[in-house]
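Q: Pasting a structure below so you can have a look.
The values are calculated or read from the model by the stated rules, or taken from the named source; none is laboratory data. Because the structure is a prediction, the values reported are computed rather than measured. In this analysis, Cβ positions are derived from the backbone assuming ideal geometry, glycine residues included, and neighbour counts consider all displayed protein chains.
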Amino acid sequence: MEINNKLIEYMSLPQENTKIDGDKLNHLRILFDGFDFNSFDGYYNFIYENIEINISINGTVLISLVSASNISENITMLSKLLNKINSLISIAYFSKRIRIHDLSA
Amino acid sequence: MNDSNPIELILSVVRESYPDISEESLCDIIKPLIPKFFELIIEEIERELPHSAAKVELPSDSQSRLTFAQQVSHAKRSRTQVRASKIFEAELTRDAIKEIDKIRQRYAETGDTQKADQYAEYISIFRGASNEKDRIYDYIDNDMTSNLTYIQDAEDRTNRRLRGLIPDGDK
């Protein structure tokens with residue numbers, strides 16, 4: 001059976017830099033309870049199975065998901081999750097970027 | 001004659017014992033012996049195998065698990081670093097373009113369209129270079145991610161988790 005594996009990458013870039021620390025980070029850690037957490041050099045990283053969420057200290061969010069299931073459904077879920085993250089870190093204005101890579105090729 | 005070839009060696013011994021023997025007769029002598037040779041070889045292997053196996057140092061179960069965990073951790077860290085680079089590139093491009101655009105706007109407001117156009121061109125060159133860099137990061141990211149073993153169970157668990165993170169009203 002050939003598996004059509006995709007890497008979906010969803011990024012939100014705030015119009016203005018914000019500062020993620022203290023309370024905001026605590027909110028994120030509560031949201032991503034049970035995820036592997038690590039931080040280095042101004043980036044906070046949450047990893048769980050096939051999903052990785054990288055958040056810069058300036059408020060840029062990158063979600064990467066490896067999936068073989070329904071792409072549009074996954075994108076909708078990631079979009080909602082991005083909105084949730086941005087609302088937690090008080091970012092109202094941001095641009096979004098979606099990229100889909102075929103890993104089976 | 002190639003002395004290192006064991007079959008040639010056997011044939012030469014037989015030829016020495018029977019100097020007048022024809023090639024056909026030689027084959028007739030050798031043929032029935034071939035299964036016996038294989039039998040002897042297998043016996044030799046079976047006799048030596050326990051000694052050879054004892055000399056091989058196999059990693060213990062805990063060592064194997066530790067090595068695997070280290071490899072997984074290294075792969076995750078590498079991907080995380082590439083993704084951090086993507087974020088940095090996006091932020092850098094946004095900030096740089098914002099600054100160059102401020103200068104372009106100032107020239108446009110003072111009526112210096114030539115300078116304003118020149119700065120618009122700088123923006124386009126900068127954006128192109130950044131896109132190129134992004135494509136390189138994508139290539140590295142895909143390469144590392146495609147090495148992941150696809151596990152259906154993991155995907156099901158990830159999807160359940162994702163749904164759990166989204167507020168009820170948005171589902």
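Q: Scan B:I97, B:I123 and give me the residue that is more than 13 Å from every other protein chain (Cβ to nearest Cβ), out of contact with any strand residue (DSSP E or B) (no Cβ under 7 Å at 6 or more places or on another chain), in a helix (DSSP H, G or I) and within 30 Å of A:I63 (Cβ to Cβ).
A: B:I123
Q: In addition: Using the structure shown, decide if A:L88 is at the interface with another protein chain (Cβ under 7 Å from one of its Cβ atoms) and touching a Leu at 6+ places or on another chain (Cβ under 8 Å).
A: Taking the combined requirement at face value, the residue does not satisfy it.
Q: Could you grab me the full set of residues in region B:65-93 that are under 15 Å from A:Y44 (Cα atoms) and in contact (Cβ under 8 Å) with a residue 24 or more places away in the chain?
A: B:S78, B:R79, B:V82, B:R83, B:S85, B:K86
Q: Filter region B:45-65 for residues that are modelled with pLDDT of 80 or more and either within 19 Å of B:L9 (Cα to Cα) or not in a helix (DSSP H, G or I) (or both) and give the result.
A: Within region B:45-65, just B:S60 meets the criteria.
Q: Still on this structure: Scan A:S56, A:S64, A:S79 and give me the residue that is at the interface with chain B (Cβ under 10 Å from one of its Cβ atoms), surrounded by 15 or more Cβ atoms within 10 Å (Cβ to Cβ), out of contact with any helix residue (DSSP H, G or I) (no Cβ under 8 Å at 6 or more places or on another chain) and of a type outside the set (D, E, K, R).
A: Among A:S56, A:S64, A:S79, only A:S79 is at the interface with chain B (Cβ under 10 Å from one of its Cβ atoms), surrounded by 15 or more Cβ atoms within 10 Å (Cβ to Cβ), out of contact with any helix residue (DSSP H, G or I) (no Cβ under 8 Å at 6 or more places or on another chain) and of a type outside the set (D, E, K, R).
Q: Which of the numbered conditions does B:R104 fail, given that it passes all the others? Conditions: (1) surrounded by 17 or more Cβ atoms within 10 Å (Cβ to Cβ); (2) within 14 Å of another protein chain (Cβ to nearest Cβ).
A: It fails just one condition, (2).
Q: List pairs: first in region A:13-38 and more than 9 Å from every other protein chain (Cβ to nearest Cβ), second basic (K, R), Cβ under 7 Å, 6+ apart or cross-chain?
A: That search, which allows pairs on different chains as well, returns A:F37/A:R29.
Q: Still on this structure, please answer the following. So which residues in region B:126-158 are away from every other protein chain (no Cβ under 11 Å) and modelled with pLDDT under 90, if there are any at all?
A: Residue satisfying the conditions is B:I140 alone.
Q: Specify the residue that is nearest to the other protein chains (Cβ to nearest Cβ); the eligible residues are those in region B:43-78 that are under 24 Å from the mean Cα position of the chain (by Cα) and basic (K, R).
A: Selected residue: B:K76.
Q: Since A:L13 meets every condition but one in (1) closer than 27 Å to B:A75 by Cα; (2) crowded, with 18+ Cβ neighbours inside 10 Å; (3) out of contact with any strand residue (DSSP E or B) (no Cβ under 6 Å at 6 or more places or on another chain), which condition does it not meet?
A: (3)
Q: Check B:E121 against each of (1) out of contact with any helix residue (DSSP H, G or I) (no Cβ under 9 Å at 6 or more places or on another chain); (2) in contact (Cβ under 8 Å) with a residue 40 or more places away in the chain and name the one condition it does not meet.
A: It fails just one condition, (2).
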